[in-house]
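Visitor: Pasting in a structure now, in structure tokens, and then I'll have a few things to ask.
The values are calculated or read from the model by the stated rules, or taken from the named source; none is laboratory data. Predicted, not measured: the structure shown is a model, and the values here were computed from it. Using ideal geometry, Cβ is built from the backbone for each residue, glycine included, and neighbour counts are taken over all protein chains shown. SASA here: full protein model, heavy atoms, side chains in, ligands and nucleic acids out. Shrake-Rupley method; radii C 1.70, N 1.55, O 1.52, S 1.80 Å.
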Amino acid sequence: VVMDPFGEPRDSFRPAGDDGGHGMMLPQHFDADDRGVVLGHVSTSFGADAVVTEFVLGRYALDGALVKALAEHREEQSGGSVSLSLGDGEDDFAANWVLCDDGRVVGYRYAYEYELQVYGPDGNREMIVRREYETLRKPEAQLAADRRRAEESNARFNGVTLEVEERSRDISAVHPRPDGRIWVATSEGARARTDGSLEVFDVVDREGRYIHTLRVTGVEYDPARDEYVIDGDRLYIFRESRMVPPKTSTSGGGGMQMIMISGSGPDPEDEEDRGPLEVVCYVIGR
């Protein structure tokens, strides 16, 4: 749904291919600029003998026409069951990308490789940025939360097994900056966080060259409880957003079922008082 600046719905956007023939068409990440729309989505068709899943990251016109597919992948699963992973797919280009102000798209599709794929405004790949990196194991507190969620889901849904990935993604997020540089959030940078700061970012220039690391200080942020968004010269901290209980929804057809789980949720044994949900905005200085 397209909203006007006052939050009123004015139009809708339906991407090419969403003609009702798919069992599900699920947006993974969406952004727009004056050139049109960038959308990563997963489409799943349920058949009598197999489930066909298509992953697409593409640039679309405002009327929904596909202008350029940046990345595509198709796979089939059969045998009466669907394999699911909890958290980190090893190759998820549909969700792990960001749109820059200059129209470039920077993807970080591989969970356990330090690699950035940079696409120009025309959708053609301009370059690949790589660094040597050692994949880290998730912290024990995060693993415990993931295992708790998996156990709850496995007990609730017969025939569905959620597997817990013990490794942390090498790159967790990419933040484009107004000067053309990008800040890369890594598992190593998250471990290097100190009180009163965000994680430590790698800084890469517009030509893909690593420059230095950067720490943003002077903020109140708890990664176990809060989330953040960097947009231009603004930093938004969503206080207590990680403490919201997870939501579970199911859908399917053709004898198949898909379970979507969002939100890590608080530890049920954590009796610490939770603060109010709020958004805190900071201005990022030089």
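Visitor: I'd like the carbon and sulfur percentage of the solvent accessible area for the range 139-218, probe radius 1.4 Å, heavy atoms only, ligands and nucleic acids excluded.
Guide: 45
Visitor: Right, another one. So, by mean Cβ neighbours within 10 angstrom, what's the order for 101-107, 51-57, 61-67 with the highest one leading?
Guide: Order by mean packing, descending: 51-57, 101-107, 61-67.
Visitor: Still on this model: For the range 10-70, report the accessible area per residue in Å² (1.4 Å probe, heavy atoms, rounded to an integer).
Guide: Ligands and nucleic acids excluded, the result is 52 Å² per residue.
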